[in-house]
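*Asks:* Let me begin by handing over the structure; questions about it come next.
Just so it is clear, none of the values below were taken in a lab; they were calculated from the coordinates. In this text the structure is predicted, and so the values were computed from the model without any measurement. Cβ atoms come from the backbone with ideal geometry, glycine included; neighbour counts cover every protein chain shown.
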Amino acid sequence: MKVVVSIGGSVLAPSLGSERVKAHATVVESLASEGIDLGIVVGGGGVAREYINAARDHGANEIQLDQLGIDVTRLNARLLLTALGEKAAPSPALTYEAAGEALRRGDIAVMGGVTPGQTTDAVSAALAEYVNADLLVYATSVNGVYSADPRTDEDATRFDEMKADELVDVIANIEMNAGSSAPVDLLAAKLIERSSMRAIVLDGTDPERIGTAVRTGEHDGTDIIPEGAKDEPTFWVP
Ligand code: UTP
């Protein structure tokens, strides 16, 4: 089974001194040792936001800000690599091709951002599409996809399961409201829809939840099952 896991920066490293990076690395290593091919995409979190805000104050343009964000995602990817064993490629992949090559060699592929104008949500979906993954897992700080932004709308309800076109509609609505943030970005939702990729959005602050979801399909988040999605991974059949 081939799985791409997107680990948000604030999930992976809420602070640099935390044990969280090691805990994530332990789960990733144990999944790999069970024979699962893994691509890991790491986000920038609060550190990226701090750099971006500082540079915005200097008058940097949006592409320059994105480039800073990409650098921080790659720094976080390097941090995760320091905690992973020999099975990981030695440096973050800079392209989908390089990540695909790492996977073909039998390494765990780790990467951050790729190009301005998007986030690592889209990178994760694109990598999953590129390597034809069986499953894409978004480990975020929210426990799934809601009908609206739960922080601003008390009537928001969580989906246990949804189709990819529903995901696109929900995210488009949330993104229209300035200041609200969606669990995955619109480009990612579109890529999931077009690739018929089976995906899960879950609260990844406890990395064990990622491990359980990949191994068994059990989780408290949202299953996204696009039209034409592959059957449940055979791995999950007891
Ligand atoms: P993240 O993927 O962490 O974005 O990339 P985010 O949505 O702000 O983070 P979370 O999900 O809330 O933790 C950080 C920044 O890096 C740039 C963007 O500016 C993004 O906001 N970036 C990242 C790119 O421009 N391109 C990429 O491929 C990835």
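*Asks:* Return a yes/no flag: does the range 93-103 have any residue that is within 9 Å of the ligand (Cβ to nearest atom) and either free of Cβ contacts under 8 Å to residues at least 12 places away in the same chain or under 22 Å from Pro207 (Cα atoms) (or both).
*Replies:* no
*Asks:* Can you name every residue in the range 17-57 that is without any contact (Cβ under 8 Å) to a residue 24 or more places away in the chain and within 16 Å of the ligand (Cβ to nearest atom)?
*Replies:* Within the range 17-57, Ser18, Arg49, Glu50, Tyr51, Ile52, Asn53, Ala54, Ala55, Arg56, Asp57 qualify.
*Asks:* Here is a follow-up. Do we have Thr73 as under 25 Å from Asn143 (Cα atoms) and within 14 Å of the ligand (Cβ to nearest atom) here?
*Replies:* Here the answer is yes, as Thr73 does meet what is asked.
*Asks:* Can you tell me which residue in the range 104-125 is nearest to the chain's Cα centre (by Cα), limited to those that are under 23 Å from Val27 (Cβ atoms), of a type in the set (Gly, Ala, Ser) and within 16 Å of the ligand (Cβ to nearest atom)?
*Replies:* Ser124
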